[in-house]
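The values are calculated or read from the model by the stated rules, or taken from the named source; none is laboratory data. This structure is a prediction, so every number in the text was calculated from the model and none was measured. Here the Cβ positions follow ideal geometry from the backbone for every residue, glycine too, while neighbour counts run over all protein chains shown.
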Amino acid sequence: MKDLVIFKGVEIPCIQHNQNFYVAVTPICEHIGLRSDKAIDAIKNNRSLAKVMCILPVVGSRGMREMACLPISHINGWLSNIDVNKVNEKAQPILEAYQDECYRVLFEHFFGRQEAHNRATEVFVALHQERSCLKGLQKKQADSELGQEIAISKKKIRTLEAEQAGLDLEMFGKQLELLSSPTV
């Protein structure tokens, strides 16, 4: 079965084969100005891509011909590793933006969304500010009202430290999970 995948306004042949969908490499290369023979050589030299690449009959603008294809699940990884300087100038900003998006998505998958990291930074800054405030208050502790402010400040610090520990533990857990996953 043959279908088309529309990628950045370009129709790319997509073939169903052995219960998987495959995308032809050559039309993508032609669109971005990358030599397909060099791209296929690079795929063959990449263990992860080489083991899933296959040659399939594809109907394209030039009729039926055999083309190197990758499973649709591996196209993003392949595109994210293409040297932007080796594609035509018109395609460079598009490919670079695409690669940036790939890196962001991978980061968020393994380490969580940016909002969690922003909150961790906010907690760190607030904790630092509250500790500085406490030190200043402790120097002026002679006044009885300051004792209450010190107690409030210490409580805020404990709360922020607990939140920071939870955020650190969550991020550490994600990193540990990534590092301890079985290698292929």
So His31 clears everything in (1) at pLDDT 85 or above; (2) part of a helix (DSSP H, G or I); (3) in contact with a Lys or Arg (Cβ under 9 Å, 6 or more places away or on another chain) except one condition, right? Which one? (1)
Do you know which of the residues in segment 83-109 that are in contact (Cβ under 8 Å) with a residue 40 or more places away in the chain and basic (Lys, Arg) is surrounded by the most Cβ atoms within 10 Å (Cβ to Cβ)? Lys86
Which ones in segment 25-41 are surrounded by 15 or more Cβ atoms within 10 Å (Cβ to Cβ) and out of contact with any helix residue (DSSP H, G or I) (no Cβ under 8 Å at 6 or more places or on another chain)? Pro27, His31
Take the conditions closer than 19 Å to Val87 by Cβ and not acidic (Asp, Glu) and apply them to Ala24. Does it pass? yes
